[in-house]
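The values are calculated or read from the model by the stated rules, or taken from the named source; none is laboratory data. None of the values given here were measured: they were computed from a predicted structure. Counting neighbours? That spans all protein chains shown, and the Cβs are built from the backbone with ideal geometry, glycine included.
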Amino acid sequence: MLVINCGSSSLKYTFFNTEDMENSVDGQVDRIGTAVPMGLEYNAGKTEIERELEPGTHKDAFDAIIQILTSKEFGIISSPQEITAVGHRVVHGGDKFSHPTLITDDVLRGIEEVSSLAPLHNPVNLVGIHESMRVFPSAAQVAIFDTAFHQTIPPHAYLYGLPYEYYEKKRIRRYGFHGTSHYYVSLMAADYLKRSYTDLKLITCHLGNGGSVCAIEHGKSVDTSMGMTPAEGIIMGTRSGSIDPAVILHLMDSEKMTSGEVNQLINKQSGLLGLSGISNDMRDIEHAVKQGKNRAVLAYKTFCYSIKKYIGAYSATLGNVDALIFTGGIGLYNSFAREEVCKGLGALGMFIDQEKSKDLNGAKKVVDIATVDSPVRILVIPTNEELMIARETLSVICAD
């Protein structure tokens with residue numbers, strides 16, 4: 001089985017042997033479609049390879065992946081025919097797709113129809129699917145949607161306060177993203193807590209360059225911070241998160257900005273990068289904070305405060321919480337941010353053990369960083385979206 005995450009300039013892949021799901025190979029091809037050479041990464045246990053390739057397209061990237069997967073020296077398969085299933089990450093499924101789905105011509109048309117909701121993501125996801133169908137014509141192709149997990153959110157939580165016909169005709173509503181990650185870490189939390197998944201009330205925080213918070217009740221997403229697009233919600237690496245929509249109108253009028261310029265502003269120039277003027281990487285922000293740089297301190301505190309607000313809101317939504325979960329690059333590696341987010345959450349029964357948190361710089365398994373007597377457990381859980389996509393792909397194939 002192969003799991004594919006196709007971006008505009010990168011193609012990430014993971015190979016799974018379904019007889020031994022831990023025996024996997026992963027890597028990526030980056031700088032696709034640029035004037036500079038593409039870069040290939042291939043990681044198979046102790047074998048780590050980096051190669052420079054000629055500048056090329058997604059087609060060339062797929063061909064390079066097949067070449068190394070089947071190479072006599074490093075390969076793990078003898079031919080592309082050995083791949084019998086491919087799971088594709090698709091960012092936006094709109095409200096058409098609420099489950100992992102076997103890809104057919106109708107499904108391809110459906111993904112294309114909702115591409116207007118994710119014009120930066122879905123079209124290139126489709127490129128990956130078409131190239132995969134070319135390279136693996138006999139394999140089952142399955143789409144796993146970032147939005148699918150959140151299709152259980154009730155209307156009162158996903159509707160915006162716009163005239164209802166905009167939802168009816170244009171499907172403008174909250175969809176949410178990072179669904180595969182939120183689902184995976186919530187399942188791992190249930191396993192760790194030795195509780196039935198459907199008994200738990202959880203708040204999951206996926207914190208990376210992109211980030212979102214999710215309220216999960218009895219195994220179902222009931223609210224999430226991202227909206228119709230990934231721009232809504234908490235402050236992120238380069239995304240603004242939620243802002244007054246009139247700010248956009250003001251900028252368009254006063255600065256004569258086009259919609260394209262505004263899109264670039266809120267998605268690529270804002271967030272930690274825009275506030276700090278230093279970087280979109282929390283590691284750089286933390287270093288600058290320790291040097292006493294005021295804008296870095298401001299960016300760090302604003303970022304953490306935006307997360308804290310969602311945790312408070314979702315605690316009210318759920319009524320009570322069994323566990324607060326951190327995942328993603330920042331959630332796993334940045335104790336600095338975890339501790340700032342958790343300050344003042346004692347009123348909600350969330351007490352972080354700062355020494356445990358400080359000692360934790362990454363985790364390969366679930367780690368509890370709450371104090372012994374904390375009513376709510378605070379868990380750090382490494383996500384594994386590729387493994388979750390593989391499992392979901394298998395479930396579709398077995399059901400079919």
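Summary table below
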item	result
Some residue of segment 340-354 being assigned to a helix (DSSP H, G or I) and free of Cβ contacts under 8 Å to residues at least 12 places away in the same chain	yes
Identity of the residue in segment 104-126, touching a strand residue (DSSP E or B) at 6+ places or on another chain (Cβ under 9 Å), surrounded by 21 or more Cβ atoms within 10 Å (Cβ to Cβ) and of a type in the set (V, I, T), that ends up farthest from H58 (Cα to Cα)	I111
Selected residue [surrounded by 13 or more Cβ atoms within 10 Å (Cβ to Cβ), out of contact with any Ser or Thr (no Cβ under 9 Å at 6 or more places or on another chain) and not aromatic (F, W, Y)] from A35, A44, A64	A64
Residue that is nearest to the chain's Cα centre (by Cα), among those in segment 6-22 that are closer than 16 Å to L394 by Cα and without any contact (Cβ under 8 Å) to a residue 60 or more places away in the chain	E22
Qualifying positions in segment 75-108 - closer than 29 Å to K268 by Cα and assigned to a helix (DSSP H, G or I)	L108
Yes/no for D244 being closer than 30 Å to N320 by Cβ, of a type in the set (D, E), out of contact with any Lys or Arg (no Cβ under 7 Å at 6 or more places or on another chain) and at pLDDT 95 or above	no
Scope segment 285-294; condition basic (K, R) and surrounded by 14 or more Cβ atoms within 10 Å (Cβ to Cβ); matching residues	K293
All positions within segment 7-43 that are of a type in the set (A, V, I, L, M) and assigned to a loop (DSSP other than H, G, I, E, B)	I32, A35, V36
Those helices (runs of 4 or more DSSP H) lying entirely in segment 244-318 with at least 1 residues within 22 Å of Y333 (Cβ to Cβ) and in contact with a helix residue (DSSP H, G or I) (Cβ under 9 Å, 6 or more places away or on another chain)	271-276, 282-290, 294-318
Subset of segment 24-74 (residues that are touching a Lys or Arg at 6+ places or on another chain (Cβ under 7 Å) and within 16 Å of V3 (Cβ to Cβ))	Q28
